[in-house]
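The structure appears right after this line, and notes come after that.
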Amino acid sequence: MGENKEVPVPVEAVAGGRLNLPCDITSPIMDDEVYLVLWYKDEVATPIYSLDARRGPIGQARHAANEALSGRAYFSSVPQPAVLQVDRVTLDDEGLYRCRVDFRKARTQHSALIVSIAVPSGVPIIKDYNGKMLSGVIGPFNDGESLHLICQTEGGKPTPSLVWWRARRIIDDSYEVLEHAITRNELFIDKLQRRDLMATLTCQTTNNKISPPLEASVTLDIHFKPLTVHVKGKKRKLSAMKTAQFECEAKGSRPPAVISWRKGSFKLKNAVSRVSAQGNVTSSTLTITPTSDDNGKFLYCAADNPAIPGSAVEDGWKLDVHCR
């Protein structure tokens, strides 16, 4: 095989899949015929596969494969260029392949291929910092809370990449390879925000251009504090012993805020609350019959998300009650 000066062409396949080894069997001379196609691997002098068309047309040629390729290799002359197809490939199929083509008229042609076999890693898994496996919708977390997720995958040749995506954007590609062929990428989000609600974070691994990437995903559920609380028409003058209504509206809480009323430090019970269809607006209507003693006292409406300690916001004002 010393006459072959070709630079080997790289070819990649995935373990368990198919390896296609092209070999051009086209003669440079018109009306020529292929006599013999021989495949060699590495430095072994015996062919691993042969196609013998010396006794008839190539469609009726005799095919022979060595023991390593028996039952899983076939040379097809139909594609352009022709292809030696090897199925169920393993790491043992890596190496240097040479194709020799003998013609009835033309000079013998040689080509070379260097084959590498990729072994995909395992499907990634996502865990929290306590080692609990995570999937689907996770949380709920609180607005402003930090998030620490760990993604890891096992095995793979060559060493796989392990990258965190959000939508179509890479947010963390700083993976590391640990012992026992474990690849790991830790994702830190310092403060969760409203825009992170129902965001899907995907950890994706790949180590070849043939098989699709493997991935795992989680979706974030987040609780929010109330953003605003406001009482409508609070500055108006009131008449003693005349019933009045006030409406208090809280926005931005998830789950919806719980509204409470108080006069000074005294809690008021006679209020009716409702939640909007959108879910993040709560309104409460308070009915009171002020007395002259209420003049100058403070009335407060407070909105609180019970899931988040210390999330209450309030709106308050001094009552202006006149005697009739």
* **Coordinate range along principal axes, alpha carbons of the chain, Å, largest first** => 123, 43, 30
* **All lysines inside 16 Å of LYS209 as judged from Cα atoms, apart from same-chain residues fewer than 8 positions distant** => LYS157
* To do: Quick one: pull the percent of accessible area on the chain belonging to carbon and sulfur, 1.4 Å probe, ligands and nucleic acids left out.
  => 52 percent
* Of TYR129, TYR97, TYR300, TYR175, which has the most accessible area and how do the rest follow, probe 1.4 Å? -> TYR129, TYR175, TYR300, TYR97
* Per-residue ³J(HN,Hα) for segment 67-76, Karplus 6.51 cos²θ - 1.76 cosθ + 1.60, θ = phi - 60°, Hz, x for Gly and Pro -> 4, 5, 9, 4, x, 9, 10, 8, 9, 10
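Pulled fully out, how much extra length does the chain show between ASP32 and ARG168, if you take 0.36 nm times their separation in residues and subtract their Cα-Cα distance?
43.6 nm
Quick check for you: with a 1.4 Å probe and neighbouring chains kept, what is the accessible area per residue of segment 32-184, in Å²?
That works out to 55 Å² for each residue.
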* Out of LEU113, THR90, ILE150, whose Cα points farthest toward the positive end of the dipole of segment 80-198 (charges: +1 Lys, Arg; -1 Asp, Glu; placed on Cβ)? -> LEU113
* DSSP-loop GluC sites (Glu not before Pro) across segment 30-87, with at most 11 other Cβ within 10 angstrom -> GLU43, GLU67
* Asked: What accessible area per residue, rounded to a whole number of Å², is obtained for segment 188-299 using a probe radius of 1.4 Å?
  -> 57 Å²
* Asked: About its Cα centre, how strong a charge dipole does the chain have in debye, to the nearest 20, once Lys and Arg get +1 and Asp and Glu get -1 at the Cβ?
  -> 2400 debye
* Gaussian network model of the chain, Cα springs within a sub-10 Å range: biggest mean-square fluctuation belongs to which of HIS180, HIS148, HIS110? -> HIS180
* To do: Report the residue, chosen from ALA45, ALA302, ALA167, that carries the largest GNM mean-square fluctuation when the chain is represented by alpha-carbon nodes joined by springs under 10 Å.
  => ALA45
* So which trypsin sites (Lys or Arg not before Pro) in segment 26-90 pass both tests, a DSSP loop state and at most 11 other Cβ atoms within 10 Å of the Cβ? -> ARG55
* Specify which residue in the list LEU319, PRO255, LEU38 is farthest towards the positive end of the charge dipole of the chain, using unit charges on the beta carbon of Lys, Arg (+1) and Asp, Glu (-1), about the Cα centre. => LEU319
* Using the Cα centre as the reference, give the magnitude of the dipole from point charges on the C-beta atoms of segment 11-139 (Lys, Arg: +1; Asp, Glu: -1; all else neutral), rounded to the nearest 20 debye. => 180 debye
* Per the chain, cysteines lacking a partner by the 4.7 Å Cβ criterion -> CYS323
* Asked: If you build a Gaussian network model of the chain, linking Cα atoms that sit under 10 Å apart, which residue out of ARG98, ARG166, ARG236 swings the most?
  -> ARG236
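The values are calculated or read from the model by the stated rules, or taken from the named source; none is laboratory data. Please read all numbers here as calculations on a predicted model, not as lab measurements. Using ideal geometry, Cβ is built from the backbone for each residue, glycine included, and neighbour counts are taken over all protein chains shown. The accessibility values were calculated without ligands, DNA or RNA, using every heavy atom of the protein model including side chains. Shrake-Rupley method; radii C 1.70, N 1.55, O 1.52, S 1.80 Å.
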